[in-house]
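Only one structure is covered here, and it is reproduced in the block below.
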Amino acid sequence: MPDDSSGPRRQTGFRTQLSHGGRAGTRAHGFVNLPVHRGSTVLFANCADRLASSSRRFDQALTYGTQGGPNHHALEDMVAMIEGGSRCQIVGTGLAAVTVPLLAYLANGDHALLPDSVYGPARSFADTQLSRMGVSVTYYDPCIDEAGMAALIQPNTKVVYTESPGSHSFEVQDVPAIARAAHARGAKVLMDNTWGIHHFQPFQHGVDVSIQALTKYVVGHSDVLLGSITVNTAEDWHAIRSTAHGHGHFASPDDCWLALRGARTMAVRLKAQEEAGIAVARWLRDRPEVLKVLHPALPGAPGHELWKRDFTGACSLFGVVFRPEYTVESSHAFVDALTLFGIGASWGGYESLALPTTGNINRTATSPDLGGPAVRLHIGLEDVGDIIADIENALDALRRG
Ligand SMILES: *Cc1c(COP(=O)(O)O)cnc(C)c1O
């Protein structure tokens, strides 16, 4: 975080950090917010300055447009603070934040372990691009323990990837145990921490590289795509920064500006959406049409004990599985009957979304069968009473099939 000129620093709370991070300080003369700095060419006073700048590729230095400018640096500081890491690389999408670390640590002949519940496009990347590079991939049961992970690691395993909870099926992983097994055998631990933003501090649980789709809660308004890769050591920073830069990754300063604006209010949005999500999840759990609710913060839900141990809260994305007597078609009728929920991918915005998941999830190490037709819900900032009334009404459509 840049120095705040307002006086002596003490340990501040999350809301204070989001309000004050990535800006010049309360006594700096000027507008509250940094303007957007657009640019490719950077000019230097003389040849010596220009030559000296080439050694600053790993710093927050203004050297050329692709290296980023003030808007990137401000967002980097903000995300590094949220994730509890030392340095952060911003890339153009969450998916790029997934692929860059895989490319940074894997080469021809290497092996990678990915959870069976990994984000779908990450799985496609592994099956196509990594495979084409000559990297072998094994998908593992996301609920694996330390001994199970130790048994899967081969001499050429360079990466153990984690994502907790898992996409669509919401398995909570024992990340510290997996990290212990990986580190004992020299593998890097990567984590897609998008669901757990703020509530899971990756570097306190053995993660080496933390991935965020900033597209979700940081941006928070469903209008920008952006990703971040955060590390906590100079060695990892070197690997990530040089790979991102070497592949030509870049994010627009306008998008960084919008993401920094989103971050200012993220704590209150996360809190409101957490509460609304749990209220809706509880209401659904007690409905006769529902087999189970896949929400790690719900007592009794799968993964709840690990969630309680490692997370300080939850976001508002979870799954609902209907009883097996309902058909997949009737779950589609349920989604179609919702009026406050959009039907679409992504999440973390201010608005509620619903997505049928049955038949859309790819699993090879575990069963894709959740016990009945499933729907993924993202709870937005609407009034909880209105959301529950909307769902109650849509359950009529489920029962009618
Ligand atoms: C959305 C998402 C991504 C990818 O983010 P994009 O910005 O849409 O590319 C990666 N991981 C998870 C878990 C996601 O939900």
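The values are calculated or read from the model by the stated rules, or taken from the named source; none is laboratory data. Just so we're clear, the structure is a prediction, and the values are computed from it rather than from any experiment. For neighbour counting, all protein chains shown are included, and Cβ atoms are generated from backbone atoms with ideal geometry for every residue, glycine included.
Summary of values
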{"item": "Some residue of segment 176-186 being within 18 Å of H111 (Cα to Cα) and in a loop (DSSP other than H, G, I, E, B)", "result": "yes"}
{"item": "Breaking point among (1) in contact with a strand residue (DSSP E or B) (Cβ under 8 Å, 6 or more places away or on another chain); (2) away from the ligand (no atom under 16 Å from the Cβ); (3) within 25 Å of A374 (Cα to Cα), for E163", "result": "(2)"}
{"item": "Meets criteria (away from the ligand (no atom under 14 Å from the Cβ), assigned to a loop (DSSP other than H, G, I, E, B) and surrounded by 23 or more Cβ atoms within 10 Å (Cβ to Cβ)) for G85", "result": "yes"}
{"item": "Selection status of M149, assigned to a helix (DSSP H, G or I), under 25 Å from I361 (Cα atoms) and touching a Phe, Trp or Tyr at 6+ places or on another chain (Cβ under 9 Å)", "result": "yes"}
{"item": "Residue among A239, A244, A213 that alone is modelled with pLDDT of 95 or more and either surrounded by fewer than 17 Cβ atoms within 10 Å (Cβ to Cβ) or more than 16 Å from the ligand (Cβ to nearest atom) (or both)", "result": "A239"}
{"item": "Selected residue [out of contact with any Lys or Arg (no Cβ under 6 Å at 6 or more places or on another chain), small (G, A, S) and closer than 17 Å to S117 by Cβ] from S367, S346", "result": "S367"}
{"item": "D192 of a type in the set (D, E, K, R) and away from the ligand (no atom under 13 Å from the Cβ)", "result": "no"}
{"item": "Filter pass, A263 being within 30 Å of D390 (Cβ to Cβ) and away from the ligand (no atom under 16 Å from the Cβ)", "result": "no"}
{"item": "Near pairs, Cβ below 6 angstrom, 6+ apart or cross-chain, from segment 351-372 (at pLDDT 90 or above) to any residue that is of a type in the set (D, E, K, R) and not in a loop (DSSP other than H, G, I, E, B)", "result": "L355/R376; T357/R376"}
{"item": "Of residues in segment 88-110 being closer than 18 Å to A239 by Cα, away from the ligand (no atom under 14 Å from the Cβ) and among the small types (G, A, S), the one surrounded by the fewest Cβ atoms within 10 Å (Cβ to Cβ)", "result": "A107"}
{"item": "Segment 171-196 residues that are on the phi < 0 side of the Ramachandran plot, paired with ones that are modelled with pLDDT under 95 and more than 16 Å from the ligand (Cβ to nearest atom) (beta carbon under 8 Å, 6 or more apart)", "result": "E171/P302; V172/P302"}
{"item": "V231 vs. criteria closer than 27 Å to K271 by Cα, surrounded by 21 or more Cβ atoms within 10 Å (Cβ to Cβ), more than 13 Å from the ligand (Cβ to nearest atom) and of a type in the set (V, I, T)", "result": "yes"}
{"item": "Pair list, Cβ < 9 Å and 6+ apart or interchain, from segment 51-70 residues that are free of Cβ contacts under 8 Å to residues at least 12 places away in the same chain and surrounded by 13 or more Cβ atoms within 10 Å (Cβ to Cβ) to residues that are outside any helix (DSSP H, G or I) and among the β-branched types (V, I, T)", "result": "S53/V42; S53/T63"}
{"item": "D116 vs. criteria away from the ligand (no atom under 16 Å from the Cβ) and modelled with pLDDT of 95 or more", "result": "no"}
{"item": "Segment 383-401, residues that are without any contact (Cβ under 8 Å) to a residue 60 or more places away in the chain and among the charged types (D, E, K, R)", "result": "D383, D386, D390, E392, D396"}
{"item": "Count - residues of segment 360-376 that are surrounded by 17 or more Cβ atoms within 10 Å (Cβ to Cβ) and touching a Phe, Trp or Tyr at 6+ places or on another chain (Cβ under 6 Å)", "result": "2"}
